[in-house]
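Trainee: Next up is a structure, given as structure tokens.
The values are calculated or read from the model by the stated rules, or taken from the named source; none is laboratory data. Here the structure is a predicted model, which is why all the values come from computation and not from measurement. No Cβ is skipped: glycine too gets one built from the backbone with ideal geometry, and neighbour counts run over all protein chains shown. We work out accessible area using only protein heavy atoms, side chains counted, and drop any ligands, DNA or RNA first. Shrake-Rupley method; radii C 1.70, N 1.55, O 1.52, S 1.80 Å.
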Amino acid sequence: MRPIYLDNNATTRTDPAVVAAMLPYFSDQFGNASSSHAFGSEVAGAVKQARKSLQALLGAAFDQEIVFTSGGTESDNAAILSALDTQDGRDEIVTTSVEHPAILSLLEHLEKDRGIRVHFVGVDSRGQLDIEAYRRALGPRTAIASVMWANNETGTLFPVEPLAELAHSIGALFHTDAVQAVGKIAINLKTTEIDMLSLSGHKLHGPKGIGALYVRKGVKFSPFIRGGPQERRRRGGTENVPAIVGLGKAAELAMGHIEEELPRVEALRDCLEQGIRDHVGHCIVIGDTENRLPNTASIAFEHLEGEAILHHLNRAGIAASLGSACASGSMEPSHVLRAMNVPAAALRGAIRFSLSRENTVEEIDRLLQALPEIIVKLRGLSPAWQQRQGAPLADPPCPTELAL
Ligand code: PLP
């Protein structure tokens, strides 16, 4: 049976139309976009077209506001480090406690090794930002506030537009890590005060290793990667033309799908959640269910280990993930769920199902057939669950069941 892929916040399948658009740029169209002869100018035209496709997807005012990078991580690093270089007399950063490691580990490094003061604003039990604490954290020394648009684990959407206005009211820049939001919700940067935005190709059916940083016209920028004059001197290095063309195509496709496909994906996600609620008791839907990405369902199963659930789902041909792809492999509960104060009984049993436009009703039906059986079986082996039921403890679980 065809495997079911429900881990689209980790990465998406590269759309076949994206692959087709990229292929000529590995062969006949091999020129360097900076060359002045025909080989170069043809390729430069394709890069320009990709920039325009991203401009359209983001609702940016100018295509020159798009700087191609190697992905979300580089874009995040470039935005923060640029602000520290360009915002004279300002050396503090405001962010949230639930950012992706692409932001968090950079900020931890800046704190530890460069003495930069970072304010980590907390979230409530829905994963929603404490706006008052954010307001209090901003001050005359804030160089930049960086708040993700959508959380990768729970899908919770942050109100980045008013947060950008608050940052501007005290003279700070505002950056958003929109890696999970771009292509999943409509974005119109022209109507916002956002200064910089990060995105990544492989989250929207584009290739891996390519992304972009939007830098609003007029915002001072100091390059993270210095070298040649590429990208208007904002990112040195010969352009990765096939990947840029692929990202442009992915943006074009995403534009076409936002209105039609995403409501369908959202309906599928809601059906998955309802089915789990109906057939499996004692689980919690994590995140702000009123303000969420349409494709993400984060569900914590009480008294179970997420790793064990994933393992059994995998054996049934279904790919999902623990809270975060980056936390997979570690037995620590994710920093996001801890920041949300998810009850201890559910903390280790969180599974993220993240859908895409490629998922079907039949796939969700198959998941809903397989999952309840898995949960019942694992709960039968869980001493914590049996204690909760008031039942005498069963024999210790068979080691092969738990050996993952
Ligand atoms: N930011 C968020 C919110 C993400 O989910 C990810 C990837 O999971 C990244 C940044 C990193 O992006 P990339 O893999 O393109 O470096």
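Trainee: Select from the range 86-120 the residues that are in a loop (DSSP other than H, G, I, E, B) and farther than 22 Å from Lys220 by Cβ and write down the one among them that is most open to solvent (accessible area, probe 1.4 Å). Can you show your working first?
Mentor: Of the range 86-120, the ones in a loop (DSSP other than H, G, I, E, B) are 87-91, 97-100, 115-116.
If we keep only those that are farther than 22 Å from Lys220 by Cβ too, we end up with 97-100, 115.
On the way: Ser97: 33, Val98: 3, Glu99: 1, His100: 43, Gly115: 65 Å².
Among them, the one singled out is Gly115.
Trainee: Suppose we filter the range 267-298 for residues that are buried (at least 17 other Cβ atoms within 10 Å of the Cβ), touching a strand residue (DSSP E or B) at 6+ places or on another chain (Cβ under 9 Å), closer than 20 Å to Ala181 by Cα and not basic (Lys, Arg); how many remain?
Mentor: Residues that pass the stated criteria total 9.
Trainee: So is Leu272 in the same structural domain as His335 (by TED's automatic domain parsing), within 21 Å of Gln55 (Cα to Cα) and part of a helix (DSSP H, G or I) or not?
Mentor: Values: in the same structural domain as His335 (by TED's automatic domain parsing): yes; within 21 Å of Gln55 (Cα to Cα): no; part of a helix (DSSP H, G or I): yes.
When the stated conditions are applied, Leu272 does not pass them.
Trainee: For the range 224-237, which positions are open to solvent by 20 Å² or more (accessible area, probe 1.4 Å) and in contact with a helix residue (DSSP H, G or I) (Cβ under 7 Å, 6 or more places away or on another chain)? It would help to see each step written out before you state the result.
Mentor: Here is the first cut: in the range 224-237, the residues open to solvent by 20 Å² or more (accessible area, probe 1.4 Å) are 224-230, 232-235, 237.
If the condition is that a residue be open to solvent by 20 Å² or more (accessible area, probe 1.4 Å) and in contact with a helix residue (DSSP H, G or I) (Cβ under 7 Å, 6 or more places away or on another chain), then Phe224, Arg232, Gly237 are the ones that fit.
Trainee: When the range 202-233 is examined, which residues are found to be aliphatic (A, V, I, L, M) and within 15 Å of the ligand (Cβ to nearest atom)? Spell out how you get there, then give the answer.
Mentor: Looking only at the range 202-233, we keep the residues that are aliphatic (A, V, I, L, M), and these are 204, 210, 212-213, 215, 219, 225.
Matches in the range 202-233: Leu204, Ile210, Ala212, Leu213, Ile225.
Trainee: Follow-up. Name the single residue, out of those in the range 139-154 being closer than 18 Å to Leu107 by Cβ and of a type in the set (Ser, Thr, Tyr), that is farthest from the ligand (Cβ to nearest atom).
Mentor: Within the range 139-154, the match that is farthest from the ligand (Cβ to nearest atom) is Thr142.
Trainee: Does Gln49 meet the test of being polar (S, T, N, Q), more than 30 Å from Ala320 (Cα to Cα) and in contact (Cβ under 8 Å) with a residue 24 or more places away in the chain? Steps first, answer last, please.
Mentor: On the way: polar (S, T, N, Q): yes; more than 30 Å from Ala320 (Cα to Cα): yes; in contact (Cβ under 8 Å) with a residue 24 or more places away in the chain: yes.
Answer is yes for this residue.
For every residue, the table says whether it meets (1) within 12 Å of the ligand (Cβ to nearest atom); (2) open to solvent by 10 Å² or more (accessible area, probe 1.4 Å); (3) at pLDDT below 95.
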site: Ala137; (1), (2), (3): no, yes, no
site: Thr156; (1), (2), (3): yes, no, no
site: Ile185; (1), (2), (3): no, yes, no
site: Ile194; (1), (2), (3): no, no, no
site: Ser200; (1), (2), (3): yes, no, no
